[in-house]
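Working notes, beginning with the structure itself.
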Amino acid sequence: MGSTSRPLLSLLCLALLFYSAISELCNPQDKKVLLKIKQAFNNPYILASWNPNTDCCDWYTVTCDSTSHRINSLTIFAGNLSGQIPPEVGDLPYLTTLEFHKLSNVTGHIQPAILKLTHLNFLRLSWLNLTGPIPDFLSKLKNLTFIDFAFNQLSGSIPPSLSQLPNLNGLHLDRNKLSGPIPSSFGNFPQGLYLFLSHNQLTGSIPSSFAHMDFGYIDLSRNKLVGDASVVFGSNKTIQIVDLSRNLLKFNLSKVVFPKSLTSLDLNHNMIYGGLPVEFTTLNLQYLNVSYNRLCGQIPVGGKLQSFDYANYFHNRCLCGSPLPSCK
């Protein structure tokens, strides 16, 4: 190589280094925080792209705002990650989405530093191995529209203050070890909320405040709830899917007024009595299960009631008619 080409090559290398430095979009402070998070998880393979010599806006599981280039989303899922969610997640002040999902070796409590994420609207910490209570501080994150803590080991009672989130449209607390009653304040949520509380150890009755609440989807199945569930329904509501199965509910189904919007109803394994309302024949039901209750009388003929399997009706006190044996 000639003596004149060496300085040119050196100059080219310096130019490339300079260009890469000025072209990096990632905020330096955000990068430092992400590298601390990686270190806290012992530098796992799933975060191998988090290289300090590259632009963090290009890293896997991370996205940057197109204008400010601040980190606005951190979504880590389905990888080999162990340890507790580090407090450094609270040092990404522009996060709108935080997700840790299907990471069974992630343990500990819900990280208190999440309180600092005032722009957060999507929070998913699901299919982990989190323990402890659901923190009350969540009610202060007023921009939250979605919370998912499903498939953990969370315990204790459900904070009534969650109903103070004015923009929430989805709440998944199912498949935990939560106990105590459903807060009566949950009747004050924004209309159309999707509420999932199934597979817990909840007790008491369904709050009477639900009479004023129009859910989009509600699943309270596999708890120990008692009493009347008719407050979930109503002629003026637009709820579509209701699952109240495997509880201790006891009420007269004949007297319940169902909304025309209802497409799926699961009431199996309760102590519900009365008969099937004739209005069921006018509903566009895609699914119906009333088995293992105390219902009597003839199954009304019409609509989609005869299209469901006999197992969706059996093990009642004296329910009869197609698809069950005919009434005597």
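The values are calculated or read from the model by the stated rules, or taken from the named source; none is laboratory data. For clarity, every value in this text was computed on a predicted model and none was experimentally measured. Note: ideal-geometry Cβ built from the backbone for every residue, glycine included; neighbour counts use all protein chains shown. The protein model used for the area step is the full one, side chains on, heavy atoms only, and it has no ligands, DNA or RNA in it. Shrake-Rupley method; radii C 1.70, N 1.55, O 1.52, S 1.80 Å.
Scanning region 214-230 for residues that are assigned to a strand (DSSP E or B), open to solvent by 10 Å² or more (accessible area, probe 1.4 Å) and either in contact with a Phe, Trp or Tyr (Cβ under 9 Å, 6 or more places away or on another chain) or of a type in the set (A, V, I, L, M, F, W, C) (or both) gives 217, 219, 226, 227. Scanning region 200-213 for residues that are farther than 14 Å from residue 226 by Cα and surrounded by fewer than 20 Cβ atoms within 10 Å (Cβ to Cβ) turns up 209, 211, 212.
The set of residues from region 181-234 being within 15 Å of residue 256 (Cα to Cα) and touching a Lys or Arg at 6+ places or on another chain (Cβ under 8 Å) comprises 227, 228, 230.
Note on region 56-101: enclosed strands (runs of 3 or more DSSP E) holding 2 or more residues that are over 11 Å from residue 37 (Cβ atoms), of a type outside the set (Gly, Ala, Ser) and within 20 Å of the chain's Cα centre (by Cα) are 71-77, 97-101. Hey, among the residues in region 48-77 that are of a type in the set (Val, Ile, Thr) and closer than 18 Å to residue 94 by Cβ, which one's most open to solvent (accessible area, probe 1.4 Å)? If we take residues in region 48-77 being of a type in the set (Val, Ile, Thr) and closer than 18 Å to residue 94 by Cβ, then 67 is most open to solvent (accessible area, probe 1.4 Å). Please enumerate the residues belonging to region 249-300 that are among the small types (Gly, Ala, Ser) and part of a strand (DSSP E or B). Result: 264, 274, 297. Is one or more of the residues making up region 32-47 open to solvent by less than 70 Å² (accessible area, probe 1.4 Å), farther than 16 Å from residue 76 by Cβ and either modelled with pLDDT of 95 or more or out of contact with any helix residue (DSSP H, G or I) (no Cβ under 6 Å at 6 or more places or on another chain) (or both)? No, region 32-47 contains no residue that is open to solvent by less than 70 Å² (accessible area, probe 1.4 Å), farther than 16 Å from residue 76 by Cβ and either modelled with pLDDT of 95 or more or out of contact with any helix residue (DSSP H, G or I) (no Cβ under 6 Å at 6 or more places or on another chain) (or both). Residue-level check: of (1) under 17 Å from the mean Cα position of the chain (by Cα); (2) closer than 21 Å to residue 198 by Cα; (3) assigned to a helix (DSSP H, G or I); (4) small (Gly, Ala, Ser), residue 187 misses just (1).
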